[in-house]
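**Q** A single structure is presented below for examination.
The values are calculated or read from the model by the stated rules, or taken from the named source; none is laboratory data. Note that the structure is predicted; figures quoted are calculated from it, not measured. With ideal geometry, Cβ positions are generated from the backbone for all residues, glycine too; neighbour counts draw on all protein chains shown. The protein model used for the area step is the full one, side chains on, heavy atoms only, and it has no ligands, DNA or RNA in it. Shrake-Rupley method; radii C 1.70, N 1.55, O 1.52, S 1.80 Å.
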Amino acid sequence: MKSRKRKHLLTVTFILIGLAVSCGAMYICLLRYFFYNKYNVHAQRAALGRLNAVYHQEFELLSTEFETKEIETGLYVHMWIYVFEDSRGRQFYAYVRLYGLSEKGSGNFHAPDYLSYVGDTYGQLCLEERLGDKYDLYKYRQERVSIFPSGGDYIFICTKDNAEEIAEMLTEIYFAETEFSDNGCLYCRVNDEHGEELFSYFWSSVTRNLQKQNKEITKETVYAYILQEIQN
């Protein structure tokens, strides 16, 4: 009788241990592959995937932060902020943003959805090494990591007297980008004095539109295209 009770007790114990282990394993799986939190694997892979695709090099992850902000009633932004380092020891931010309807408990198993908004500051770092002093780009830089939602990398204010100067800067940015990114990585805006957008600069869109016009890609054609877009 005692032997039977002991066996029953052992069986129950093993079942409880098994349930505890299973629940723990399930929680770890949810933590890493579902819940929006610091340890989410999909977000980290999305950030690394963007960096490798845009800059064609490997980066070392140094740290991870996660935060959630309510941007309007009932709408939240969940953001992962990563600090990476390149082979030369230069540090920069990469980040992943996802929107949700609840502050806590949100999540997603679908890895491609984490690619919906991925950004970084490595392009700013590389560009300013090349042109920062020449054009004082620092005063136009936008702190992308701290903005919800994110704005551009640089915003230029166009007045009646400086359209040519801005077109020259964007032309230089266009050719500088090709030195560290095959398909472009920067987003620049040109606004008027009232904050209305006059022109959005992407390397890929400038290239595509000049190709549609059957124009050779030169500094002259890029400058003329950008100036025309700003003035129109």
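**Q** Output needed for the range 101-182: three equivalent-ellipsoid semi-axes, defined as square roots of 5 times the C-alpha gyration tensor eigenvalues, in descending order, whole Å. It would help to have the intermediate numbers written out before the result.
**A** Details: eigenvalues 205, 52, 24 Å².
That gives 32, 16, 11 Å for the three semi-axes.
**Q** Can you give the Kirkwood hydrodynamic radius for the chain, in Å, rounded to one decimal and based on Cα pairs? Write down the numbers at each step before the final one.
**A** Working: mean 1/r = 0.0482 Å⁻¹.
Kirkwood hydrodynamic radius for the chain: 20.8 Å.
**Q** Here's something else I'd like to know. Between Lys134 and Thr207, how high is the FRET efficiency from 1/(1 + (r/R0)^6) when r is the Cβ-Cβ distance and R₀ = 22 Å? Nearest 0.05.
**A** On the way: r = 23 Å, r/R0 = 1.03.
Efficiency computed from Cβ-Cβ geometry: 0.45.
**Q** Using a 1.4 angstrom probe on the protein heavy atoms only, could you order Ile217, Ile81 from most to least accessible area? If you can, show how the numbers build up before the last one.
**A** Working: Ile217 60, Ile81 15 Å².
Final ranking, largest accessible area leading: Ile217, Ile81.
**Q** A follow-up question, please. Using a 1.4 angstrom probe on the protein heavy atoms only, could you order Val222, Val54 from most to least accessible area? Let's see the in-between values first.
**A** Details: Val222 0, Val54 25 Å².
Descending order: Val54, Val222.
**Q** At 7 Å along the Cα-to-beta-carbon direction for both Glu103 and Ile157, put a label point, then send me their distance in nm to one decimal.
**A** Calculated label separation equals 3.6 nm.
**Q** Which ³J(HN,Hα) values in Hz, rounded to whole numbers, follow from the phi angles of the range 118-124 under the Karplus curve 6.51 cos²θ - 1.76 cosθ + 1.60, where θ = phi - 60° and Gly and Pro get x?
**A** Result, ordered by residue: 10, x, 7, 10, 5, x, 4 Hz.
**Q** What Kirkwood Rh does the range 22-128 have if only Cα atoms enter the pairwise 1/r average? Answer in Å. Show your work: numbers first, answer last.
**A** Numbers: mean 1/r = 0.0687 Å⁻¹.
Roughly 14.6 Å, rounded to one decimal.
**Q** If you don't mind, there's one more thing I want to ask. In degrees between 0 and 90, to the nearest 10, how far off the longest principal axis of the chain does helix 41-55 point, with axes built from Cα atoms?
**A** 30 degrees
**Q** Order these peptides, 130-136, 182-188, by their mean beta-carbon neighbour count within 10 angstrom, highest first.
**A** Peptide ranking by packing, descending: 182-188, 130-136.
**Q** In the neighborhood of Ala94, defined by Cβ-to-Cβ distances under 15 Å, what is the net charge if each Lys or Arg adds +1 and each Asp or Glu adds -1? Let's see the in-between values first.
**A** Details: positive: Lys38, Arg45, Arg50, Arg90, Arg97, Arg144; negative: Glu58, Glu60, Glu65, Glu67, Glu85, Asp86, Asp120, Glu143, Asp153.
So the environment of Ala94 carries a net charge of -3.
**Q** Run the 1.4 Å probe and let me know the accessible area of Thr73, rounded to the nearest 10 Å².
**A** Its accessible surface works out to 140 Å², give or take rounding.
**Q** Let me know the number of lysine pairs in the chain closer than 22 Å at the Cα, not counting same-chain pairs under 8 apart. If you can, show how the numbers build up before the last one.
**A** Details: Lys38/Lys69; Lys38/Lys104; Lys69/Lys104; Lys134/Lys219; Lys139/Lys160.
Summing the qualifying lysine pairs gives 5.
**Q** Full-extension gain between Glu72 and Asn52, please, as 0.36 nm times their residue separation minus the C-alpha to C-alpha distance. Each step should come with its number before you reach the end.
**A** Numbers: separation 20, 0.36 × 20 = 7.20 nm, distance 3.34 nm.
Full extension of this stretch gives 3.9 nm more.
**Q** I need the fraction of alpha carbon pairs in the range 55-112 separated by more than 19 Å, rounded to a whole percent.
**A** Details: 728 of 1653 pairs.
Of the Cα pairs, 44 percent sit more than 19 Å apart.
**Q** In addition: Can you give the % of DSSP beta bridges in the chain that are antiparallel, to the nearest 5? Numbers along the way, then the final one.
**A** Details: 31 of 35 bridges.
If we restrict to bridges inside the chain, about 90 percent are antiparallel.
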